[in-house]
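K.L.:
Okay, here's the structure, questions in a sec.
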Amino acid sequence: MKSVTCALFALLVPLQANALAAGDAVAGQAAFDKNCGGCHKVGRGAQAAFGPQLNGVIGRAAGSTSDYSYSAEMKNSGIVWTAEKIATFVEAPSDVVPGTKMRLWWFGNDQKMADLLEYLKSNP
């Protein structure tokens, strides 16, 4: 039993390390600009574009900024955006909020997502 436990631990450690990978805000800005920046804006003085501005999105209630016309489903979703919820939403927006206006999804990998989230965290 001890060898099975050790083998299982050896398999899980790399997976856990990847899940906890630190993001890089500079790389995250490049990921944002490439994948999100056509619709969303962040930074000083950011206003909604095709999609809502994302300053301070982590910890914010979904559908709560006044500068964007959200779908009723997003406004009523009850979501408070966490890094994990954003990652899930970006992968499949309509699975998280059926009726959302967001139709595009993420074209990256786990490290790019960690970088993107770090960039979003750096724009309170």
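The values are calculated or read from the model by the stated rules, or taken from the named source; none is laboratory data. Worth saying up front: this structure is predicted, and the values here are computed from it rather than measured. Glycine gets a Cβ as well: all are built from the backbone with ideal geometry, and neighbour counts include every protein chain shown. Please note that ligands, DNA and RNA were not included when accessible areas were found on the heavy atoms of the full protein model with its side chains. Shrake-Rupley method; radii C 1.70, N 1.55, O 1.52, S 1.80 Å.
K.L.:
How many percent of all Cα-Cα pairs in region 49-96 sit more than 13 Å apart?
P.N.:
57
K.L.:
Further, regarding this structure: Could you give me the percent of Cα pairs per 5 Å distance bin for region 11-124, shortest bin first, beginning at zero and ending with the bin that holds the maximum distance?
P.N.:
Using 5 Å bins, I get a P(r) of 2, 12, 21, 27, 20, 11, 5, 2, 1, 0 for region 11-124.
K.L.:
I'd like to check one number: the per residue accessible area of region 43-98, probe 1.4 Å, reported in Å² as a whole number.
P.N.:
Averaged over the residues of region 43-98, the accessible area is 54 Å².
K.L.:
Order the peptides 22-31, 95-104 from the highest to the lowest mean number of other Cβ atoms within 10 Å of their residues.
P.N.:
The densest-packed peptide leads the list: 22-31, 95-104.
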